[in-house]
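Laboratory data are not the source of any read-out in this text; all were calculated from the coordinates shown. Computed from a prediction, not measured in an experiment: that's the story for all the values here. Backbone-built Cβ (ideal geometry, glycine too); neighbour counts: all protein chains shown.
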Amino acid sequence: MTVAAVCGSAVLALAGCSEPSQAPKTTGESSAPAADSSSAVTSAAATGENAKLTLYTSEPENKVDEIIAAFNEENPDVEVEVYRAGTGDLNARIEAERTSGKVEADLIWCADAPTFEKYKADDLLVKLKDVDSKDVMEEAVDEDGFYVGTRIIPTVIAYNTQVIDEADAPQSWTDLTDARFMDKIVLPDPAVSGAAAYNATVWINDSQLGEEWITALGENHPMVAASNGPTSQEIAGGGHPVGIVVDYLVRDLAAKGSPIKEVYATEGSPYITEPIGVFKDSANQAAAERFINFILSKKGQELAVKQNYLPVIDGVGTPGDAPKLNDIKLMQVDMDTLTSDRKRAVEFFQGAMN
């Protein structure tokens, strides 16, 4: 896989450990070696020019900071500014900017393929020209070439190991409707979290689950947290010792000593690919594509694994004791349904939880 070389220094990040945005944070410059001469993209540094990118993302602050720092080691001539927020907040910002004239960012990196299908349908994205996705798993690549997934993020059942014995832990989505978990469950709000909205659409269209399961889950009175971050913290803290959350957050907390463990449900796991794409209004498409190529490169995917994500390419391993991707049963729903039925699914899910 080709890793395009050359890029930047300063990073502005809107911080916070959960998905909604917070106050701006500035990090310092990073020094870097000269650009790799094998790059398929001409280095701006070689011409004495600098590029500047603005990235909109829901990626956690510490993780996106690490990614940009690693990118800057090979790409010292592009300044990257990051606006970080939950998918719902990002969508609202993008719509407001579009209504005012143009989207102010170059890159969008968040959520799931259906979200990017809407961006594509709204003519917000430009077709990628020089992004090398040949090694990326087919399920993560837009067949029209407007975006590409960057990691596999399944949603799992998680439980607090100090409150719930392993023998009593839920093993399936159906188990969560059992009366023994009444008032013990926490899950993210699909109106805030793109992953949660995706999950709701998958579950409502699954023959094993559907509306009946969602209704039964609501009858167990789950707590609805703002997003996946607070959900994982609630499970780890034991306030609600069972929950529905993206898998990498469980591994993040377990690595820090929290009493939390994940279970990949027997019916299968909904998953998102956290796609990335370039806005049509961007004047820096070439530099933006260098950033994408880095994320998809072996080095970029090895960093994803280090950050507890499952990769979208082979040959870079999996994080910790996480199962191999081929050993995880993934729930599949066709793209048309995922896109067209999202609003109904979110509304039904929210109604059932109240």
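Using the C-alpha atoms of the chain, what convex hull volume per residue, in cubic angstrom, is computed? Show your work: numbers first, answer last.
Details: hull volume 45.8 nm³, N = 354.
Dividing the Cα hull volume of the chain by its residues yields 129 Å³.
Using θ = phi - 60° and the Karplus form 6.51 cos²θ - 1.76 cosθ + 1.60, what ³J(HN,Hα) does each residue of segment 62-71 get, whole Hz, x for Gly and Pro?
With coefficients 6.51, -1.76 and 1.60, one gets 5, 6, 5, 4, 5, 5, 5, 4, 5, 4 Hz.
Which of the lysines could a cross-linker span from LYS324 if the Cα-Cα distance has to be under 30 Å and same-chain partners fewer than 8 positions apart are dropped?
LYS63, LYS134, LYS184, LYS256, LYS261, LYS298, LYS299, LYS306
For segment 168-221 and segment 87-160, write down the distance between their C-alpha centroids in whole Å.
25 Å
Taking every DSSP beta bridge that has both residues in the chain, what percent is antiparallel when rounded to the nearest 5? Provide the component values of the computation, followed by the final result.
Numbers: 24 of 40 bridges.
Just about 60 percent of them are antiparallel.
Hey, rough spin-label estimate for LYS306 and GLU138, points 7 angstrom out along Cα→Cβ, what's it come to in nanometres?
Using points 7 Å along Cα→Cβ, the separation is 3.2 nm.
Quick check: the angle from helix 228-237's long axis to the longest principal axis of the chain, C-alpha only, nearest 10 degrees?
Orientation of helix 228-237: about 50 degrees from the principal axis.
Once you have the Kirkwood Rh of segment 42-161 from its Cα pairs, apply Stokes-Einstein at 10 °C and 1.306 mPa s and quote D in µm²/s.
Numbers: Rh = 16.3 Å.
It comes out at roughly 97 µm²/s.
Testing the spin-label approximation: label points 7 Å from Cα along Cα→Cβ at THR99 and ALA283. State their distance in nm.
2.6 nm
Reachable aspartates and glutamates from LYS127, Cα under 14 Å, same-chain residues fewer than 8 places away excluded?
Within reach: ASP106, GLU117, ASP142, GLU143, ASP144, ASP281, GLU289.
For ALA92 and LYS343, what does the FRET efficiency come to when R0 = 22 Å and r is the distance between their Cβ atoms, rounded to the nearest 0.05? Display every interim value, and only then the final one.
Values: r = 15 Å, r/R0 = 0.70.
That pair, ALA92 with LYS343, gives E of 0.90.
Specify, per residue and in Å³, the volume enclosed by the convex hull of the alpha carbon atoms belonging to segment 63-113. Could you put the intermediate results ahead of the total?
Working: hull volume 5.0 nm³, N = 51.
With only Cα atoms used, segment 63-113 gives 98 Å³ per residue.
Can you work out ³J(HN,Hα) from phi for every residue in segment 141-157, in order, using Karplus 6.51 cos²θ - 1.76 cosθ + 1.60 and θ = phi - 60°, giving whole Hz and x for Gly and Pro?
Once θ is set to phi - 60°, the couplings for segment 141-157 become 10, 5, 5, 8, x, 9, 7, 8, x, 10, 6, 9, 10, x, 9, 10, 8 Hz.
On the Cα set of segment 111-228, report Rg and Dmax in Å, please.
17.8, 53
Pop a pseudo-label 7 angstrom from the Cα along the beta-carbon direction at both GLN162 and ASP130 and give the gap in nm to one decimal.
Here the modelled spin labels are 5.3 nm apart.
Can you work out the FRET efficiency for the pair THR174 and LYS118, with r the C-beta to C-beta distance and R0 = 22 Å, to the nearest 0.05?
Numbers: r = 31 Å, r/R0 = 1.42.
According to the calculation, E is roughly 0.10.
What do you get for the angle between helix 87-100 and the principal long axis of the chain? Use alpha-carbon atoms, 0 to 90 degrees, nearest ten.
For 87-100 against the chain, the angle is about 50 degrees.
Between segment 231-245 and segment 305-354, what's the alpha-carbon centroid distance in Å?
Using only Cα atoms to place each centre, the spacing works out to 19 Å.
In vacuum, with every alpha carbon of segment 202-354 counted as one equal point scatterer, what does the Debye formula give for log10 I(q)/I(0) at q = 0.11, 0.18 Å⁻¹? Two decimals, please.
-0.57, -1.29
Determine the gain in length on full extension of the stretch LEU325-GLN350; use 0.36 nm per residue of separation and subtract their C-alpha separation, reporting nm with one decimal. Intermediate results must be reported in sequence, preceding the final value.
On the way: separation 25, 0.36 × 25 = 9.00 nm, distance 3.03 nm.
Computed gain between LEU325 and GLN350 is 6.0 nm.
Figure the gain on full extension for HIS221 and ASP314 (residue separation times 0.36 nm, minus the Cα-Cα span) and round it to one decimal in nm.
Numbers: separation 93, 0.36 × 93 = 33.48 nm, distance 4.06 nm.
So the extension gain works out to 29.4 nm.
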